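This report refers to the structure that appears directly beneath it.
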Amino acid sequence: MPADPSTSSHQGLSSLLERLCAAQVQFILVGGLAVVAQGVPITTFDIDIVPSPEEVNLRSLLALLLTTDLGPLDLLGKIEGGQGYPELLPNTVEIPYRGHPLRVLKLEAIVQLKRASKREKDRLTLPTLEAALDRQRRKP
């Protein structure tokens, strides 16, 4: 029986994320998986990252990309508002992931980006993200 595509896709994304961390690539996880990493129950099919533009970092990233077939990875130099790695860094949180530190764009920053977005996909997920942010703020 063939594997469930969503399960194999999830495993591929998890493995790819782990390899990025193990290769010590400096990046910020943005997009759907950043939201999932912060406990919001949504579905995503790729990994969106903003890598550090340092040359040594980009070489490490390129070496990893040339050796993987684990799933879709969107490399974003900048996201909404022209924000790149240095601008996003203050709005991140570090989360442990399989023994590695994982830098993730804070849920609050993601919600702000989605509120300003004109994309229908972003508008549709906004109520779920806002509810999760509200729950996060109410935690003691």
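The values are calculated or read from the model by the stated rules, or taken from the named source; none is laboratory data. Source: prediction; values computed, not measured. Because the Cβ atoms are built from the backbone with ideal geometry, glycine has one as well, and the counts that use them run over all protein chains shown.
Brief remarks on what is shown
- All of (1) among the basic types (Lys, Arg); (2) touching an Asp or Glu at 6+ places or on another chain (Cβ under 6 Å); (3) within 22 Å of Arg138 (Cα to Cα); (4) exposed (fewer than 15 other Cβ atoms within 10 Å of the Cβ) hold for Arg115 with one exception: (2).
- Test: Leu58 is without any contact (Cβ under 8 Å) to a residue 12 or more places away in the chain and surrounded by 13 or more Cβ atoms within 10 Å (Cβ to Cβ): yes
- Screening the range 34-48 for residues that are β-branched (Val, Ile, Thr) and part of a helix (DSSP H, G or I) and picking the one that is surrounded by the most Cβ atoms within 10 Å (Cβ to Cβ) gives Val35.
- Looking at the range 49-140, the helices (runs of 4 or more DSSP H) lying wholly inside it that each contain 2 or more residues that are modelled with pLDDT under 95 sit at 55-65, 107-116, 120-138.
- Look at the range 115-127: where a residue is hydrophobic (A, V, I, L, M, F, W, C) and a partner is not in a loop (DSSP other than H, G, I, E, B), sitting 6+ places away or on another chain with Cβ atoms under 8 Å, you get Ala116/Glu80; Ala116/Gly81; Leu126/Val111; Leu126/Lys114; Leu126/Arg115.
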